[in-house]
Structures are given as structure tokens and as C-alpha cells.
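Note sheet for the following structure.
Please treat every number below as a calculation from the coordinates, not as lab data. Since the model is a prediction, treat every value here as computed from it, not as a measurement. Using ideal geometry, Cβ is built from the backbone for each residue, glycine included, and neighbour counts are taken over all protein chains shown.
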Amino acid sequence: MTSKRKDSSRVQRRAPKRRASGPSSEVQAHKERLQKTLAAAGVASRRACEELIVEGVVRVNGKVVDTLPAFVNPDKDVITVNKRRIRAEQKVYFLLNKPKGVICTSSDPHGRAKAVDLIDCKERVFCVGRLDADTTGGIILTNDSELANRLTHPRSELPKTYEVRVRGRIEGDAIEKVKRGTWLAEGKTGRAAVKVIKRSRDESLLEVTIRQGLNRQVRRIMARVGFKVRGLKRTKIGNIGIKGLAMGGSRKLTKSQISYLRKVTGL
Ligand code: URA
């Protein structure tokens, strides 16, 4: 790889364009396909719900909707199937302080502890992105796949802040390299913000903020500049921090935090 690569080859890309229209409520109103709302409410599979729609048994706010595509706001529209009102699945959003050894996938052949099992709710949630099993700290879990897709899209530039403990004393040269971006297999990483929290001859503690979500990105960046990570904790996702959250504990995101995430992802 050479430094003459074009910008398009860089891992970091521009943020998605924001829509001009403002939020209609604190959490912005959003529309989704009618069959998706019906399926999420447990009516039938998406495909079977499409058939119910074209059969003419589905009404939205009192009017028959029998053509596709059809879009609804599941939080606001009154939807009936054969005159029975369906209840849209509530969207839920949690911040978990993930402990070491807990994994972010929804199933694991090795039977390791899963982040989803630490969330006490009836909805089926999943992790937004990943933290390595060895990494601790903040991870969002939700059943809102639209927001999750936006947050994990390569063009999402949401900053993620980590406390990084490395072996040995890190000096200005290596810090500058991390700040400017380093070459990984996927290309050159974007710029990072780096603060030294403390350092001694044996160990350094840094705060590193990155805007991408490549696999094991922080560990690989540090390895690239010659430092082995001894401990990694994500302290913030955007402006949403884990302060006050016990290890293994979770809390619901507030309306303004959800609104913030929707706004920064252009929803
Ligand atoms: N970077 C890593 O190396 N690991 C994580 O879990 C997250 C970011």
C-alpha cells in the first residue's frame, strides 16, 4: 500500500446527509413499511402480511390500505387487521456496561455469557456493533434495526471514546501516529483524538476517541505503533457515557439520548 491512495480508499468516509425537516416530537417520527410493522407486532411473517394487505383486511387510521408499498408510523398510526387493532412493538434502547468475558453476538456455540442476557426486558434486543470479549464498557442494545444500521454504517462518524491501558511508556511520536491515523489491512484509519491520562515507565493510560468501528480497531492501532493493550474500556458513545453505571449494569437511554442518536445518524 502507498500513501498515494485516493481519499475514497480511506476507511473514514463522510457522514450521511441530514434531512432538512426537523423532528416532529422529541423522538423524531419515522415511517416504516406496513408489513414490517405488522410482522413485528406478531401478526404473521412479512410475506404473509403483504398478502393480508393486498386482500384488503388491513386499515390504517380507518382507511383500507391494499396496495404496496405502504408506510406507517408504528408509534402513531392506528392499524387494524380484520378490525382488530394491532399493538406495534415498543422500541427499546439500553446502555450496558459490558463486563470482560461477555460477548456481543446473540448466539455462541461455546456457551459464553452474552450481553443480551444482561438486559431485563421482554423485547428481543441486539447489540449495536461489537465490543471484543476482553473489552469492557458501553454498548447500546435495542430492537430498533433502522437506528442500529445507521449507527454501524461505515459512514457513521459517531465518536467512540476508549480508556486504553498499554504496556510501557508511550511517547509523543507514537501518540502523533495514532492521532494522524495508521495503516491497517482495511486502509488508513481516520484521525483520532488522544489524551494521556497518566504514564509511568511500565504502563500508560490514554483516552482515545475514534470515529470508526473496525474489528479490534483500537488494539490493532496500538499494536501498529508498538504497544500492547493491557486493558480497554469504552467510556462514551457519542455523548452517551457509562459514568455511574456498575459493571454488568444497564439503563434505558433517555428520550433526548435517543433523539440525539437519531439526529446524528440523519434519521
Ligand atoms: N477496539 C478494539 O480493539 N476492541 C473493541 O472492542 C472496540 C474497539
Item to check | Using distinct alpha-carbon pairs, which all enter the 1/r mean, Kirkwood radius of the chain in Å | outcome: 20.8 Å
Checklist entry - What are the ³J(HN,Hα) values, in whole Hz, obtained from phi via the Karplus relation 6.51 cos²θ - 1.76 cosθ + 1.60 with θ = phi - 60°, for each residue of region 172-189 in sequence order, with x given for Gly and Pro? => result x, 4, 5, 4, 4, 4, 4, 5, 6, x, 10, 7, 10, 4, 7, x, 7, 6
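Want the number for GLU171 to ARG85: 0.36 nm per residue separation, take away the alpha-carbon distance, what's left?
Values: separation 86, 0.36 × 86 = 30.96 nm, distance 6.36 nm.
Gain in length upon complete extension: 24.6 nm.
Just add up the charged neighbours of GLU146: K/R +1, D/E -1, any other residue whose Cβ is under 12 Å from the Cβ of GLU146.
Details: positive: LYS31, ARG33, LYS36, LYS91, ARG150, ARG262; negative: GLU32, ASP144.
Local net charge: +4.
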Item to check | Cα centroid of region 148-187 to Cα centroid of region 190-230, whole Å | outcome: 7 Å
Next on the checklist: Check the chain for me: any Cys whose beta-carbon has no other cysteine beta-carbon within less than 4.7 Å?
Outcome noted: CYS49, CYS121
Next on the checklist: I'd like the GluC sites (Glu not before Pro) in region 94-191 restricted to DSSP loop residues with at most 15 other Cβ atoms within 10 Å, sorted by number.
Outcome noted: GLU123, GLU171, GLU186
Next on the checklist: To make sure I understand the rule: partners must be lysines, Cα under 27 Å from the Cα of LYS177, and not fewer than 8 residues away in the same chain. Which ones qualify?
Outcome noted: LYS4, LYS6, LYS160, LYS188, LYS195, LYS198, LYS228, LYS233, LYS236
Checklist entry - By how many degrees, 0 to 90 and rounded to 10, does the Cα axis of helix 46-55 deviate from the longest principal axis of the chain? => result 30 degrees
Next on the checklist: For region 121-165, which trypsin sites (Lys or Arg not before Pro) pass both filters: DSSP loop (anything but H, G, I, E, B) and at most 14 other C-beta atoms within 10 Å?
Outcome noted: LYS122, ARG124, ARG155
Checklist entry - If each of LYS252 and ASN239 carries a label point 7 Å out from its Cα toward its Cβ, how far apart are those two points in nm? => result 2.2 nm
Item to check | Structure-based [θ]222 nm, the chain - -39500 (n - 2.57) summed over DSSP H runs of at least 4, per residue, nearest 500 | outcome: -5500 deg cm²/dmol
